[in-house]
1. For K184, which lysines qualify as cross-link partners when the Cα separation must be under 28 Å and same-chain residues fewer than eight apart are set aside?
2. So between K106 and D284, what do we pick up on full extension, going 0.36 nm a residue minus the alpha carbon distance?
3. Taking springs between alpha-carbon atoms closer than 10 angstrom, which of H78, H136, H18 fluctuates most in the Gaussian network model of the chain?
4. What number comes out for the charge environment of F51, summing +1 per Lys or Arg and -1 per Asp or Glu over other residues with Cβ under 14 Å away?
5. Which net charge results when you count Lys and Arg as +1 and Asp and Glu as -1 among the other residues whose beta-carbon is under 15 Å from that of E294?
6. Return the percentage of antiparallel bridges among DSSP beta bridges fully within the stretch 81-230, rounded to the nearest 5 %.
7. Where in the chain lies the longest segment free of GluC sites (Glu not before Pro) that are both loop residues by DSSP (not H, G, I, E, B) and have at most 16 other Cβ atoms within 10 Å?
8. How far apart, in nm, are two points set 7 Å out from the Cα along the Cα-to-Cβ line at T19 and at A53?
Amino acid sequence: MLTVFGTVALDTTRTPFHTVERTLGGTATFASIAASNYVPTSIVGIVGNDFPASYMEILKNRLDIRGLSISETEKTFHYDSSFGYDLYKRTTNKTELNVISNYQFKVPKAFVDSEYVYLANNDPVQNMNLLNQVSHPKLVICDTMDFWILNKRDEVIKMINNVDGIILNESEARLLFKENSILKCARLLVSNGPSFALINKGENGSLLFYDNEFYPIPGYPTETIKDPTGAGDSFGGAFMGHLCTQGQINSKSLKNAMIHGNIMGSFAIEDYGIQRLVNIGNKDIKQRHEKYKEILSL
């Protein structure tokens, strides 16, 4: 079983072309929906009293939601951000932690024996609290973002020390270590405990550092880009989901998982919020995977 922990949010995303307000988002939402295309996936998180029933139904149709709590007194986590015309650099307008600010997450008994755990971008202290409640996971991967690096850097480092792999983007890697070279950042990440580090580079693909070797994988070429929100989380969920099906960690399985991560990220950006992710199936993934293999062949 794969258990994904992180935020379930109401996202407001502003671009020069369109604005969506309080649509279903959150790191755990994107990651778990992406992962569910590969393995049965459970989600652990909390939403507030303003969380629409229609959104809950979407999650229920794709995931095991027994670990999703509902607060009767507080509002759902809300993230408001803007993109410029290049739809690349994100500006955070507002981060309202709301229900997640002081919540003590509990892992349902049914999830305690989860073999695979994905700690999506969330408070590193809460991530570690959840990880300590899981008995003996075979594989744990985490993510983080600039907000936590700036406000809880020491806790982020402690979290990295306790996982098998970490995924983050290049600006976050540079911010974490105050280094310009992402290659040096990747080495520093692995020196803190994980066996591999994966750095996302947006449309330029991703970079894996494993067993003292670097493996770059180009991004999947996508003509339609509407909303980059959740692309990295979708990458992480698909990466983890595919890796769960491989049974072993080596350079081949990690590179194949990267390809699936890039594919799912390419789907995510083609519409606003999770709209594209919930409207794809195995056939769509297979077609894009076949095309990807053509691109990568010499």
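We did not get these values from a lab; they are worked out from the coordinates using the rules stated. A quick note: this is a predicted structure, and the numbers were derived from the prediction, not measured. All Cβ positions, even for glycine, are placed from backbone atoms using ideal geometry, and neighbour counts span all protein chains on display.
1. K89, K138, K152, K158, K201, K252, K255
2. Gain in length upon complete extension: 60.5 nm.
3. Result for the chain, Cα springs under 10 Å: H18 fluctuates most.
4. -3
5. That works out to +3.
6. Bridges in the stretch 81-230 are about 50 percent antiparallel.
7. With a cap of 16 other Cβ atoms within 10 Å, the longest stretch comes to 224-298.
8. In this crude label model, T19 to A53 measures out at 2.9 nm.
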